[in-house]
Every structure is written in C-alpha cells, then in structure tokens.
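Accompanying notes for the structure given below.
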Amino acid sequence: MDDLYREVIIEHYKNPGYRGSLDPNDISFEDENPLCGDHIKIDLRVGGDGKVSEAAFDGHGCAISQASADLLLESIIGKDVNEIKHLTKTDVMDLLGIELGPVRLKCALLPLKILKAGVYGLGEATDDLLEEGQA
C-alpha cells in the first residue's frame with residue numbers, strides 16, 4: 001500500500017494540478033523551511049459565500065513538500081475558510097498516506113502552516129497553526 005501512496009506523491013510532484021499563482025487573489029501567504037530550503041507561496045480566491053473557489057501554489061522544494069501542497073489545495077476547493085482553520089497535521093498525513101520521520105514531516109506540513117497563516121491573516125506562520133483551531 002505504501003508503494004501506491006509513493007506513486008501518488010511522485011505524480012503530484014511531477015504533474016501538480018494547482019501549481020501557479022492567482023492575481024488577483026483574496027489570500028496570499030508564503031514561507032519556507034530554513035532547514036531544507038523548501039519555499040512555498042499559496043494564493044486563494046474566496047467567493048462571497050466564504051468558500052475557496054480557486055487555489056494555487058508556487059515554490060520549490062522536495063517531492064514531499066510540493067506534493068503535499070498540491071494535495072492540500074485539491075482538498076480545500078469548495079471548503080469554507082473557517083473549515084480550513086480546523087485542518088490539522090493528521091489531515092495532511094491522511095492525504096499523503098504514508099508515515100514520515102520528523103525531518104520529512106516538517107516538509108509535508110509546510111503547506112498547511114502557510115495555508116492557515118493566510119486564512120488567519122497572520123503576518124508570520126508558526127508551528128502552532130498545525131493544530132486544530134489555533135492561531
């Protein structure tokens with residue numbers, strides 16, 4: 001089963017469906033993982049109903065961080081911004097479908113940290129954002 005999930009990660013890394021940028025956007029945030037050099041920027045468009053209508057990411061990094069960004073954005077289209085505030089690291093790990101060590105976990109969770117910082121309107125992303133409902 002892990003092989004299947006590894007193939008999904010490689011596919012999202014090589015052929016991301018949500019790579020790009022949105023201009024104009026309603027929410028935009030970027031950050032990096034200084035330990036490994038991963039850098040991601042996420043843009044969102046939010047409809048009048050408070051739901052994400054479009055999402056895009058850009059940046060560079062390892063297959064895990066890039067695939068995680070693509071999978072995460074795919075999962076939030078149509079969700080209310082308030083729902084996004086309650087996403088957790090467990091949600092991201094479920095999307096990836098494989099166990100990761102501590103170093104790779106930071107890579108996988110960078111997109112969630114950026115996404116939540118953006119929806120909370122924060123000037124800085126912190127690791128506290130990885131838990132449900134925290135800002």
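Taken together, the values in this text are just the output of simple stated rules run on the coordinates, not laboratory data. A quick note: this is a predicted structure, and the numbers were derived from the prediction, not measured. Note that each Cβ is placed from the backbone with ideal geometry, even for glycine, and that neighbours are counted across all protein chains shown.
The table that follows gives values for the structure above.
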item	result
GluC sites (Glu not before Pro) lying in DSSP loop within the range 29-113, provided at most 14 other Cβ fall within 10 Å	Glu99
In the range 49-109, the trypsin sites (Lys or Arg not before Pro) that fall in loop regions by DSSP, at most 16 other Cβ within 10 Å	Lys79, Lys85
Per-selection Kirkwood Rh - the chain (Cα, Å, 1 d.p.)	14.5
Linear extension gain, Arg6 paired with Leu100, 0.36 nm per residue minus alpha-carbon span	32.7 nm
